[in-house]
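Right, one structure below, let's go through it.
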Amino acid sequence: MSRSAHPAGPRHADVLPEGHYSAPPADLNALDPKVWAQTVSRDDQGVVTVGGIDVKTIAEQHGTPAYILDEADFRARARAWRSAFGADADVFYAGKAFLSRAVVRWLHEEGLNLDVCSGGELATALSAGMPADRIAFHGNNKSKEEIDRAIRAGVGRIVLDSFQEIVRVAHIAQSLGRRQRVQIRVTVGVEAHTHEFIATAHEDQKFGIPLAGGQAAEAVRRALQLDGLELIGIHSHIGSQIFDMSGFEVAAHRVVGLLKDIRDEHGVELPEIDLGGGLGIAYTSDDDPREPHEIAKALTEIVTRECEAARLRTPRISVEPGRAIVGPTAFTLYEVGTIKPLDGLRTYVSVDGGMSDNIRTALYDAEYSVALVSRTSDAEPMLARVVGKHCESGDIVVKDAFLPGDLAPGDLIAVPATGAYCRSMASNYNHVLRPPVVAVHEGEARVIVRRETEEDLLRLDVG
Ligand SMILES: Cc1ncc(COP(=O)(O)O)c(C=O)c1O
Ligand SMILES: N[C@@H](CCCC[NH3+])C(=O)O
């Protein structure tokens, strides 16, 4: 590996171009525990280790790019959510964030339930032995085949997303001689994303049935009349990467209002309420997520208070965290390729992956951090943009970050907090092969999703 020197690039505030960064961090070699998986640290040589293995060894054994997942951290976070909510509530891990058979087994062992939203996720869950009655089936456009398969498998609940689906699920259940447990997903008029909290313009989207105009109440009326359905509760999911609990407060208030109306109209107290997922994680050191026990306490208090005010028995609560469990447990390991300093702007650092393994930066303008992990460096910080190898100028992994000015081709860098919505949203753009997921634990690195091969690609191409 050659280590040619590169110009350090611009670094003083008065010459820095516009961007999301502040000043360079005091220590470029530091690894903020907020954004890195729990077992990450540097060894005596300055090489980053995770799960007891150093990243150079992982790269030699499994290649790059690769998602490296800290199993102990995953299990610890799953357990923390489970114990924070206790025996009177249910935690459904949202499989859309990242799902594999190993993950399903860990969830099962740690006592969590699973939220799936497609036939593929359902098949993965069942094939790894998740008991069907611990699975919730979601989706705004479930096919008849998916509904049929879910009911036959005996899923614990189907979350109904439209008037048409109420009838569709009832018919299929009845034709199979079943009575399917269902929840109705409502849109409560709140949409929350991180610090943004919008109270209007939220019903204009594809999920759920609006509370507004009595539509959700009408959906409940219809569901209660259908023999194939057992209505067990109301579901609400208000957004993604949320830190501020006030959105959940408004949502719980409105869902409990509906439960009260249902009791008053039908004399039925629905036993469950699902407040969805969406809890935020730290992608950079500027983010301050809450701990599961704080979230559990806040949500339980909100629902209990609202139910007391409405003179309702407090329903069993469920939540559906995806990102908050798997997000922080993995990082993406890349090898540095071409380095291109642009005078007066920034240095473009190309890696061997890109938007095909992390679409979130291009799609949501998401922010990430990055570190040199195969060694430490005392070189001056350079303002860098980490980009991929795709034929697209928007192929950006980390928009603005400081890396050591002596960074060289062959160095390993890693982007933390990529456990959620990176592998699960990965693509084959430019026929780039999707990276493996390598689980590390107590000194062992185990491939849980293997790297795609050219044979995989060509097998699908049957023309
Ligand atoms: C219904 C539902 N539940 C749970 C989640 C999981 O969200 P997150 O991974 O942000 O916790 C989502 C995705 O936003 C969702 O749509
Ligand atoms: N995929 C998105 C969030 C949507 C989650 C599913 N409703 C993300 O990466 O943040």
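The values are calculated or read from the model by the stated rules, or taken from the named source; none is laboratory data. Keep in mind that this is a model prediction, so the values were computed, not measured. FYI the Cβ positions are ideal-geometry reconstructions off the backbone, even for glycines, and counts take in every protein chain you see.
Hey, could you check segment 332-358 for residues that are in contact with a helix residue (DSSP H, G or I) (Cβ under 9 Å, 6 or more places away or on another chain) and of a type outside the set (Gly, Ala, Ser) and say which is nearest to ligand 1 (Cβ to nearest atom)?
Met355
Since Ser393 meets every condition but one in (1) more than 20 Å from Val104 (Cα to Cα); (2) buried (at least 17 other Cβ atoms within 10 Å of the Cβ); (3) of a type in the set (Gly, Ala, Ser), which condition does it not meet?
Exception for Ser393: condition (2).
Any idea which of (1) in contact with a helix residue (DSSP H, G or I) (Cβ under 6 Å, 6 or more places away or on another chain); (2) within 16 Å of ligand 1 (Cβ to nearest atom) is the one Ser374 doesn't satisfy?
Single failed check for Ser374: (2).
If you take the residues in segment 198-240 that are among the polar types (S, T, N, Q) and modelled with pLDDT under 95, which one is farthest from Asp115 (Cα to Cα)? Break it down into steps so the answer makes sense when it comes.
Our first condition is that a residue be among the polar types (S, T, N, Q); within segment 198-240, this holds for 200, 205, 215, 225, 236, 240.
Checking the rest, the ones that are also modelled with pLDDT under 95 come to 200, 205, 240.
Details: Thr200: 28, Gln205: 21, Ser240: 16 Å.
Step by step, filter segment 198-240, then rank; the result is Thr200.
Let me confirm something: among Ile273, Ile281, which residue is within 16 Å of ligand 2 (Cβ to nearest atom), modelled with pLDDT of 95 or more and buried (at least 16 other Cβ atoms within 10 Å of the Cβ)?
Numbers: Ile273 fails: within 16 Å of ligand 2 (Cβ to nearest atom).
Only one candidate passes the filter, namely Ile281.
List the residue pairs whose Cβ atoms are under 6 Å apart, where the first residue sits in segment 311-339 and is without any contact (Cβ under 8 Å) to a residue 12 or more places away in the chain and within 25 Å of Ile238 (Cα to Cα), the second is more than 14 Å from ligand 2 (Cβ to nearest atom) and not aromatic (Phe, Trp, Tyr), and the two are 6 or more positions apart or on different chains.
If the second residue must be more than 14 Å from ligand 2 (Cβ to nearest atom) and not aromatic (Phe, Trp, Tyr), the pairs left are Thr314/Thr304; Thr314/Cys307.
More than 16 Å from ligand 2 (Cβ to nearest atom) and either more than 26 Å from Asp287 (Cα to Cα) or surrounded by fewer than 24 Cβ atoms within 10 Å (Cβ to Cβ) (or both): does that describe Leu342?
Judged against the criteria, Leu342 is a match.
Could you please find all residues in segment 345-390 being surrounded by fewer than 17 Cβ atoms within 10 Å (Cβ to Cβ) and farther than 13 Å from Asp411 by Cβ?
Leu345, Tyr348, Leu363, Tyr364, Asp365, Asp378, Glu380
Test Thr194 against the stated conditions and say whether it is surrounded by fewer than 19 Cβ atoms within 10 Å (Cβ to Cβ), of a type in the set (Val, Ile, Thr) and within 16 Å of ligand 1 (Cβ to nearest atom).
yes
Show me the helices (runs of 4 or more DSSP H) entirely contained within segment 107-184 in which 2 or more residues are within 23 Å of Trp81 (Cβ to Cβ) and away from ligand 1 (no atom under 16 Å from the Cβ).
119-127
Please specify each residue of segment 399-423 satisfying the condition of being in a loop (DSSP other than H, G, I, E, B), crowded, with 18+ Cβ neighbours inside 10 Å and not basic (Lys, Arg).
Of everything in segment 399-423, those that are in a loop (DSSP other than H, G, I, E, B), crowded, with 18+ Cβ neighbours inside 10 Å and not basic (Lys, Arg) turn out to be Gly405, Asp406, Leu407, Asp411, Ala417, Thr418, Gly419, Ala420, Tyr421, Cys422.
Mind counting the residues in segment 78-106 that are more than 17 Å from the chain's Cα centre (by Cα), outside any helix (DSSP H, G or I) and more than 21 Å from Val159 (Cα to Cα)?
Summing the residues that are more than 17 Å from the chain's Cα centre (by Cα), outside any helix (DSSP H, G or I) and more than 21 Å from Val159 (Cα to Cα) in segment 78-106 gives 2.
Being assigned to a helix (DSSP H, G or I) and either under 18 Å from the mean Cα position of the chain (by Cα) or within 16 Å of ligand 2 (Cβ to nearest atom) (or both) is the filter here, so list the residues in segment 229-255 that pass it.
Once the filter is applied, which keeps residues that are assigned to a helix (DSSP H, G or I) and either under 18 Å from the mean Cα position of the chain (by Cα) or within 16 Å of ligand 2 (Cβ to nearest atom) (or both), segment 229-255 yields Gly247, Phe248, Ala251.
Right, Arg375: out of contact with any strand residue (DSSP E or B) (no Cβ under 8 Å at 6 or more places or on another chain), assigned by TED's automatic domain parsing to the domain that holds Val48 and either over 30 Å from Ile238 (Cβ atoms) or at pLDDT 95 or above (or both) or not?
Criteria met by Arg375.
Anything in segment 284-308 that is among the small types (Gly, Ala, Ser), under 20 Å from Arg79 (Cβ atoms) and surrounded by fewer than 21 Cβ atoms within 10 Å (Cβ to Cβ)? List them, or say none.
Residues of segment 284-308 among the small types (Gly, Ala, Ser): 285, 296, 298.
Retained after the next criterion (residues that are under 20 Å from Arg79 (Cβ atoms)): 296, 298.
Ala298, the sole residue that qualifies.
Among the residues of segment 316-331, is any buried (at least 17 other Cβ atoms within 10 Å of the Cβ), within 16 Å of ligand 1 (Cβ to nearest atom) and at positive phi?
So far as segment 316-331 goes, no, none of its residues is buried (at least 17 other Cβ atoms within 10 Å of the Cβ), within 16 Å of ligand 1 (Cβ to nearest atom) and at positive phi.
Could you list all residues from segment 73-96 that are over 13 Å from Thr300 (Cβ atoms), away from ligand 1 (no atom under 13 Å from the Cβ) and among the aromatic types (Phe, Trp, Tyr)?
Phe74
Name the residues in segment 260-286 that are part of a helix (DSSP H, G or I) and more than 21 Å from Phe248 (Cα to Cα), would you? Working first, answer last.
Step one: of segment 260-286, the residues part of a helix (DSSP H, G or I) are 260-266.
Within segment 260-286, Arg263, Asp264, Glu265, His266 meet the criteria.
Pairs only if they're at least six apart or on different chains, beta carbon under 8 angstrom, first in segment 173-193 and on the phi > 0 side of the Ramachandran plot, second more than 15 Å from ligand 2 (Cβ to nearest atom) and of a type outside the set (S, T, N, Q); list them, first residue then second.
Listed pairs, sorted by first residue: Gly189/Ala199; Gly189/Glu203; Gly189/Pro210; Gly189/Leu211; Gly189/Ala212; Gly189/Val250; Gly189/Arg254.
How about segment 430-463: which of its residues are crowded, with 16+ Cβ neighbours inside 10 Å and either within 16 Å of ligand 2 (Cβ to nearest atom) or farther than 18 Å from Val50 by Cβ (or both)?
Within segment 430-463, Val432, Leu433, Arg434, Arg451, Glu452 meet the criteria.
Looking at Gly388, Gly354, which one is more than 17 Å from Thr284 (Cβ to Cβ) and in contact (Cβ under 8 Å) with a residue 40 or more places away in the chain?
Exactly one residue qualifies, and that residue is Gly354.
Could you list, in sequence order, the residues of segment 81-113 that are surrounded by fewer than 22 Cβ atoms within 10 Å (Cβ to Cβ) and within 16 Å of ligand 2 (Cβ to nearest atom)?
Across segment 81-113, the qualifying residue is only Lys96.
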